[in-house]
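Working notes, structure below.
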Amino acid sequence: MAAENLTIAAPMTLATQYLELLPENPLKEPFRDAWEGMLQNYSKFQIATWGSLLVHEIVYFGVCLPAFLFQFIPFMQRFKIQDDKPEEFSKQWKCFKLILFNHFFIQLPLICGTYVFTEMFSIPYDWQHMPTWYNLALRVLGCAIIEDTWHYFLHQALHHKRIYKHIHKVHHFYQAPFGMTAEYAHPAETLILGMGFFWGILLLCNHFILMWVWVSIRLIETIDVHSGYDVPYLNIFHLIPFYGGSRFHDFHHRNFIGNYSSTFTWWDKIFGTDQQYKEFLLKETEAKKTQ
């Protein structure tokens, strides 16, 4: 028995020594100081409500900005998916106004609910309980899978002929989407599809930081697929297996049928709702060969 313990302990000791030799993350200490400073200067309620709203607005409009600027850069037009439909300022302004309404009158009350959630389930805010980066990454992935599943089935339901014209038609006002249209939707749709975001939080949240990281990743992803541009080599999301991307979702806006998933492609593959997209890609490939 003693020999077995030595056999097990040896590699564990070597692994510990190896980890100690790894360089310390230079961003860890500044991040810890900033986080602890935030906790000292603001209450949990302020952090969970106004802090979360600030994170949402900065990430949303910050990520929307590049695609908005692309329309003024001739070089970037080669990456526009529906290049025969240029952006129009009047439509962008209309989108911006509804976005602000949804953010402050629909989403802000939901954001305030996160404080109640953290208090009810004793979700920690402190640095001592901060999860490791890989633990956080796995939980974000879990949230993405849960949200994508919810989104696929509820999104498809919103396309039912008896429901579509009353709710989801608002989002499909833009057949050639651009970044800001990611959250351009009927208030009822904001609530219905938005619930998919919170299911993962309810099941997987072990620290308040998960809410900010998850909302940031989700916003970046949904703005990417609505951007109207497919810029190769720069999008790290395409390194994720089964990631749909802007071309996948852009076809949904163009075609109205199929490609119902928000992030991944497996539900569309399983149920065959990507068939028209596959046929479209085949025709597009043949047309390029002919040219």
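Quick one: which residue in 231, 215 is surrounded by fewer than 17 Cβ atoms within 10 Å (Cβ to Cβ), among the hydrophobic types (A, V, I, L, M, F, W, C) and touching a residue at least 24 places away in the same chain (Cβ under 8 Å)?
231
Condition (residue is among the polar types (S, T, N, Q) and closer than 19 Å to residue 52 by Cα) applied to the range 214-228: is it met by at least one residue?
yes
Does the range 97-132 hold any residues that are within 18 Å of residue 180 (Cα to Cα) and either touching a Lys or Arg at 6+ places or on another chain (Cβ under 7 Å) or loosely packed, with under 14 Cβ neighbours inside 10 Å (or both), and which are they?
97, 100, 101, 104, 105 - these are the residues of the range 97-132 that are within 18 Å of residue 180 (Cα to Cα) and either touching a Lys or Arg at 6+ places or on another chain (Cβ under 7 Å) or loosely packed, with under 14 Cβ neighbours inside 10 Å (or both).
Checking residue 166 against (1) touching a Gly at 6+ places or on another chain (Cβ under 7 Å); (2) modelled with pLDDT of 95 or more, which single condition isn't satisfied?
Result: residue 166 fails condition (1) only.
Quick check on residue 227: is it more than 20 Å from residue 73 (Cα to Cα) and among the polar types (S, T, N, Q)?
Criteria not met by residue 227.
Considering only the range 209-256, how many residues are aliphatic (A, V, I, L, M) and within 16 Å of residue 194 (Cα to Cα)?
So the answer is 6.
Name every residue in the range 139-166 that is under 23 Å from residue 242 (Cα atoms) and aliphatic (A, V, I, L, M), in order of residue number.
140, 141, 144, 145, 146, 154, 157
Among the candidates 71, 40, 77, 46, which residue alone is within 25 Å of the chain's Cα centre (by Cα) and modelled with pLDDT of 95 or more?
Step by step, each of 71, 40, 77, 46 is checked, and only 46 is within 25 Å of the chain's Cα centre (by Cα) and modelled with pLDDT of 95 or more.
Out of curiosity, is residue 250 touching a residue at least 12 places away in the same chain (Cβ under 8 Å), among the acidic types (Asp, Glu), buried (at least 16 other Cβ atoms within 10 Å of the Cβ) and out of contact with any Ser or Thr (no Cβ under 8 Å at 6 or more places or on another chain)?
yes
Within the range 35-48, which residues are part of a helix (DSSP H, G or I) and surrounded by 11 or more Cβ atoms within 10 Å (Cβ to Cβ)?
35, 36, 38, 39, 44, 45, 46, 47, 48
Taking the residues in the range 253-291 that are farther than 15 Å from residue 148 by Cα, β-branched (Val, Ile, Thr) and exposed (fewer than 13 other Cβ atoms within 10 Å of the Cβ) as candidates, determine which candidate is modelled with the lowest pLDDT.
Applying the filter and picking the extreme gives 290.
For the structure I just gave you, tell me whether residue 162 is over 17 Å from residue 213 (Cα atoms) and not β-branched (Val, Ile, Thr).
yes
Look at residue 126 and say whether it is acidic (Asp, Glu) and closer than 17 Å to residue 31 by Cβ.
Yes.
Could you tell me which numbered condition residue 174 fails, if it satisfies all but one of (1) in contact with a helix residue (DSSP H, G or I) (Cβ under 6 Å, 6 or more places away or on another chain); (2) surrounded by fewer than 19 Cβ atoms within 10 Å (Cβ to Cβ); (3) modelled with pLDDT under 95?
For residue 174, the failing item is (2).
Out of everything in the range 241-291 that is among the aromatic types (Phe, Trp, Tyr) and in a helix (DSSP H, G or I), what residue ends up being farthest from the chain's Cα centre (by Cα)?
280
The values are calculated or read from the model by the stated rules, or taken from the named source; none is laboratory data. The structure displayed is predicted, hence computed values, not measured ones. Cβ: placed from backbone, ideal geometry, glycine included. Neighbour counts: every protein chain shown.
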